[in-house]
1. Sorted from largest down, give the three principal axis spans of the alpha carbons of region 1-116, whole angstrom values.
2. With r as the distance between the Cβ atoms of residue 188 and residue 127 and R0 = 25 Å, compute the FRET efficiency 1/(1 + (r/R0)^6) and round to 0.05.
3. Which of the peptides 26-39, 161-174, 234-247 is most tightly packed, and how do the rest follow, judged by the mean count of other Cβ atoms within 10 Å per residue?
4. Return the FRET efficiency for the residue pair residue 254, residue 51: r is the Cβ-Cβ distance, R0 is 41 Å, and the value is rounded to the nearest 0.05.
5. Report Rg/Rh for region 78-177, rounded to two decimals, where Rg is the Cα radius of gyration and Rh the Kirkwood radius.
6. Just order 212-222, 195-205 by mean Cβ neighbour count inside 10 Å, highest at the front, would you?
7. Nearest 500 deg cm²/dmol is fine: what mean residue ellipticity at 222 nm does the chain get from its DSSP H runs of n ≥ 4 alone, each adding -39,500 (n - 2.57), divided by its residue count?
8. Along each of the three principal axes of the Cα atoms of region 12-259, give the extent in whole Å, ordering the values from largest to smallest.
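The values are calculated or read from the model by the stated rules, or taken from the named source; none is laboratory data. Predicted model only: the values in this text are computed from it and were never measured. Cβ: placed from backbone, ideal geometry, glycine included. Neighbour counts: every protein chain shown. Protein only, heavy atoms only, side chains kept; ligands, DNA and RNA dropped before computing areas. Shrake-Rupley method; radii C 1.70, N 1.55, O 1.52, S 1.80 Å.
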Amino acid sequence: MSSKGDSSEGRIISVASGKGGTGKTITTLNLAMELHKLGKDVTIVDADLEDPNLGINLGLYSPQSTINESLEKDRSLVEAVHIHETGMRLIPASLSINYINTSLRSIDKAFKKLGGYIIVDCGPGLSENVVSCIDQSDSVIAVTNPMRSAVSGAVRLTEMVKDLDKTVEGIVVNNLTSKEISPKEISSITGCDVLGEVPYDINIDRSIVNKKPLVHHKPYSKASFAYRKIAHDIVDEEFKPKAKHHIRRYVDSLLSSLMAR
Ligand SMILES: Nc1ncnc2c1ncn2[C@@H]1O[C@H](COP(=O)(O)OP(=O)(O)O)[C@@H](O)[C@H]1O
Ligand SMILES: [Mg+2]
């Protein structure tokens, strides 16, 4: 059994960051898709109600049912579950400004009732809605970029998670283009383990155009490998890619860099 929770039945993990645009939504999508590929029961939830784009990244532009409606009409979140063509379950948020003021304060035990692994894509910062999500989660993944402004946000977030008596699952250092602060330094500044280092990957924007998570669109890209390793860590399984997968990764990254020219 995992020390972080019950790995056989799953747990509720919020993906948050002290700063916007660090890669929370991309992390949610790709981590969840990898957990799904590992045979886990996974639901992703869009809890960024001010800038919802989890559904958009999967090509769901006008969802019939949303987290906003469920909360405001006091219905079960199960009614807002959509199944993506990859088989992953998704609860989108409304894109309508009529629902802009939906509060997550009443989320209460709603995530838990869904069962399995629930990966919650939070809004940026430490707003009341983010605190409500974290309060209903078992653990939190803090996503940061290797820049001072983002890392200071990660420090505030991880302090808050600890204050709420929740577990920091780990830090994901995303979009490693700049080397302003190394993952090792980020770990020492925050006092938390680095769960994964995700490189800049040009295929991420292409995967959004294709309405699929990167790990589905380009499973052998460098960033896909990073997400696969994070997913294995979450379920306490060893990540041992075969030699032929390393070769595929090498060929794919070579092709991507040639196409980027
Ligand atoms: N590892 C990465 N490589 C390349 N681009 C990335 C990467 N991570 C994020 N991005 C880009 O940054 C944008 C914002 O990421 P997103 O996950 O939506 O941020 P957040 O949810 O934290 O606001 C993405 O749409 C994508 O264009
Ligand atoms: Mg987002």
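1. 43, 32, 28
2. Calculated transfer efficiency: 0.35.
3. 26-39, 161-174, 234-247
4. Efficiency computed from Cβ-Cβ geometry: 0.70.
5. Rg divided by Rh gives 0.98.
6. My ranking of the peptides, most packed first, is 212-222, 195-205.
7. So the calculated ellipticity at 222 nm is -11000 deg cm²/dmol.
8. Principal axes ranked by extent give 51, 39, 32 Å for the Cα atoms.
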